[in-house]
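Below is one structure, written out as structure tokens, with a few remarks after it.
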């Protein structure tokens, strides 16, 4: 059961002019599953992406980077579940290209105008023939209001689809933003997560897009973790179709541009948090805020140290305020000159640790009360500066072990 | 059930002349538990230690460092379980000193000649009065052949005691080595683990001891991990009592000195591996060898990345050859210029990955056969140099979650 994650409703999601989406059952790994999704983009859309920093990056990630670098307008994306096409060597690369070529041929565009994405099991050969055979059906099914279907089409161990929408006014025009994501396991994005797609009909100068997608990823997908495993396939793509009729945004000055960026960031953050809320076996949604650091980087180190600790995560699962485990994780985060006597720890409003030791007024029942909640904020004050960072994670439960001990069977 | 870990038998453990050990039930946390252990050292013993690099180090770790730095002969060690005396601020430091002072008074030595150690729950006040009250009984129980009892006395969530012995000939004299350790959870030692004690009656020049204890830790406790959580209390202590009658060893040249060092390393490694074999919920013992790196440091990064991956560890638990997860962990280990097309992966004798992709001759049933074993070696060849490193770890099972969700209750 995901943690406070609403099931998206099609009526709540704005279509994005210039984007149509089709989904089909191609039998990639199992029968009777929506496992093949195509995004069809009208001419003139701008597309930017950020991808996994895992050096064992998947074949489709390599091809995405190539095709984006080629500089032609991107006209389509193809996403399969059931197979990650990672650890597949030269054959995997050839299969990713073959998929792009097949879709390009169907659409009458060039291979470089197609971006491929895969998610699923690593180190197994991509059943490229079944994917290619499924493309016509996916294209035929393409519609503008298919975002919920797409969110379903990219799921693997996710228990429910993830999609959010926003609209904002820019220069008297209504601009729409809609995005989807999937996650569940092998989640510790480094640049982006497998998979997030965010589209807007806003006209945004193409040269702003790459910086924007990085900024959005840093405020969203790059701040979540489930198990610390950075996937081979993480991809986050931002599409601007320029169909809203607004005057082209050429910088982020001005209230309306800021409001648009905030809305984009809002959707990206909700999509990233949705991945945590639906993390494998998750029963709690944990916000880890680290404040008072010398640099944002050291705050991130501490936040991830807490968010990755199996001991901290099992304590959250048990609703056990065994909070010394958090202190241990702060201590081994890698800040060489950390002074433990300066550290404070809060669990929501409860002041647990003062000056590095147990706060004399802390009572176990107060910690227990917060630990029982489904949403908990851990706040660590390092007492060494003004920097801060936040990451989001979930607990580590029996179901995480069950899901990952059984995933392939 | 620990993985292939024999229960130590008192008759197999050599006493070390100059070391007596006493254990009692002090009621530190729960009644009817051996929870207080004292080591009494004859005058003239040399002692060196390495301690956790966790910046939230426990009060006893801070006091150990001070007392070792003070340069007086160490005459006693006192170890309690049930409470880590970490995250306890100034009061915790005072309690650690009070424990040392009380034992020093009983023995007629100075406070600086006593080393304190604690293990158990973090952030709770040390019940120092119960510990002090228990000291006379522990001293009265002290005997030279109490090593198994001591190994039991320092256990927390360990399911069985850990102790090993060796003897070697040095200059016509028989030199004895005996050591004990405890572990179970919060195990990713960085310098040493909570707790390891190794004693020898060999005469070794005191100025060699600190370098030796570091070298031993690097080849043993610093190569194991259970959950990646570096404890606040890790301590590894080496004692040389100089009672064996051998000519003092002043350097490591020569076959006999090398044999002594090898025996010390052997015992340290077995003690460290015993911690993994008895890791919380462990059902498998995994050796991760990384070869062909440019530096030992990058090999360690890769080995720990594999050994800490919850996805890799749950796959081992399930005996599922979902080996792409190992590739993903190699990829995110942090080697920026890693070339995935150079990587080979072996599972014991089975060649799984060749040149970065699935080895064409790899058959799933071969991987399955190895994954079902209780002892498995993962060998990764990076193809970039001649460095190599090995770490030892265990799988991640339901019992790990159960144990850590219930630990304090």
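None of the figures in this text is laboratory data; all of them are computed from the coordinates on show. Predicted, not measured: the structure shown is a model, and the values here were computed from it. With ideal geometry, Cβ positions are generated from the backbone for all residues, glycine too; neighbour counts draw on all protein chains shown.
Only bridges whose two residues both fall in chain A count here: according to DSSP, what percent of them are antiparallel, nearest 5?
If we restrict to bridges inside chain A, about 70 percent are antiparallel.
Tell me, how many Å apart are the Cα centres for region B:230-297 and for region A:118-146?
Each part reduced to its Cα centre gives a spacing of 53 Å.
Over chain A, with a Gaussian network built from C-alpha contacts below 10 Å, which listed residue (A:226, A:180, A:79) shows the highest mean-square fluctuation?
Residue with maximal mean-square fluctuation among A:226, A:180, A:79: A:79.
Could you work out the relative contact order of chain B, using alpha carbon pairs under 8 angstrom and six or more residues apart, expressed as a whole percent?
Rounded, it is 18 percent for chain B.
Mind telling me which of B:154, B:177, B:343 comes out most flexible in a GNM of chain B, alpha-carbon contacts under 10 Å?
In this elastic network of chain B, the residue with the biggest mean-square fluctuation among B:154, B:177, B:343 is B:343.
What residues of region A:377-401 lie in the reach of a label at residue A:342, counting those whose backbone N is under 16 Å from a point 7 Å from the Cα along Cα→Cβ?
Label zone hits: A:380-389.
For B:351-364, what's the mean count of beta carbons from other chains sitting within 10 Å of each residue's beta carbon?
What the average comes to for B:351-364 is 3.
Placing the label point 7 Å from Cα along the Cα-to-Cβ direction, what are the distances from residue B:105 to the equivalent spots in the other copies, shortest first, in nm to one decimal?
Residue B:105 label point versus its equivalents elsewhere: 9.0 nm.
In nm, to one decimal, how far is the modelled label at residue B:361 from the one at residue A:145, with both set 7 Å along Cα→Cβ?
5.9 nm
Compute the relative contact order of region B:285-406 as a whole-number percentage, counting only Cα pairs closer than 8 Å that sit 6 or more residues apart in sequence.
Computed over region B:285-406, the figure is 47 percent.
Quick one: if the Förster radius is 45 Å, what FRET efficiency do residue A:205 and residue B:402 give, using the C-beta to C-beta distance and rounding to 0.05?
Between residue A:205 and residue B:402 the formula returns 0.25.
Could you list B:159, B:52 in order of exposure, starting from the residue whose Cβ has the fewest other Cβ atoms within 10 Å?
B:159, B:52
Give the percent of DSSP beta bridges with both residues in the protein assembly as shown that are antiparallel, rounded to the nearest 5.
Roughly 70 percent of the beta bridges in the protein assembly as shown run antiparallel, per DSSP.
Taking each label point as 7 Å beyond Cα in the direction of the beta carbon, state the distances from residue A:32 to the same residue in the other copies, shortest first, in nm.
Its label point is 5.5 nm from the equivalent points in the other copies.
What FRET efficiency would be calculated for the residue pair residue A:349, residue A:65, taking the C-beta separation as r and a Förster radius of 60 Å, to the nearest 0.05?
On the way: r = 45 Å, r/R0 = 0.76.
That pair, residue A:349 with residue A:65, gives E of 0.85.
Most fluctuating residue of B:84, B:138, B:387 in a GNM of chain B with Cα springs under 10 Å: which is it?
Looking only at B:84, B:138, B:387, the biggest GNM fluctuation is shown by B:387.
Provide an ascending nm list, one decimal, of label-point separations from residue A:341 to the equivalent residue in each further copy; define each label point as 7 Å from Cα along Cα→Cβ.
5.8
Take the alpha carbon atoms of region B:67-114, find their center, do the same for region A:348-409, and report the distance between the two centers in whole angstrom.
Result: 32 Å between the Cα centres.
If I fit a long axis through the Cα atoms of helix A:206-218 and take the longest principal axis of the Cα atoms of chain A, what angle between them do I get, 0 to 90°, rounded to 10?
Approximately 40 degrees, to the nearest 10.
Rounded, prolate or oblate: pick one for the protein assembly as shown, where a ≥ b ≥ c are the square roots of the eigenvalues of its C-alpha gyration tensor, a/c under 1.5 means rounded, and failing that, prolate if a/b is larger than b/c, else oblate.
Numbers: a/c = 2.61, a/b = 1.84, b/c = 1.42.
Judged from the Cα gyration tensor, the protein assembly as shown comes out prolate (a/c at least 1.5, a/b above b/c).
Using the 10 angstrom Cβ neighbour count as an exposure proxy, how do A:232, B:178 rank, fewest first?
Lowest to highest Cβ neighbour count: B:178, A:232.
With a Förster radius of 25 Å, plug the Cβ-Cβ distance of residue B:369 and residue A:25 into 1/(1 + (r/R0)^6) and report the FRET value to the nearest 0.05.
Result of the calculation: an efficiency of 0.15.
Compute the relative contact order of region B:65-206 as a whole-number percentage, counting only Cα pairs closer than 8 Å that sit 6 or more residues apart in sequence.
20 percent
Neighbour counts of other C-beta atoms within 10 Å: give me A:30, B:313 arranged from fewest to most.
On the way: A:30 10, B:313 31.
Starting with the residue having the fewest Cβ neighbours, the order is A:30, B:313.
Considering only DSSP beta bridges whose two residues both sit in region B:285-406, what percent are antiparallel, to the nearest 5? Mind dumping the intermediate values first?
Details: 17 of 24 bridges.
Roughly 70 percent of the beta bridges in region B:285-406 run antiparallel, per DSSP.
Label points 7 Å out from Cα along the Cβ direction at residue B:4 and residue A:174: separation in nm?
With each label placed 7 Å out from Cα toward Cβ, I get 6.8 nm.
Under a crude label model (7 Å from the Cα following the beta-carbon direction), how far is residue A:297 from residue A:125 in nanometres?
Each label point is offset 7 Å from its Cα along the Cβ direction, giving 4.5 nm.
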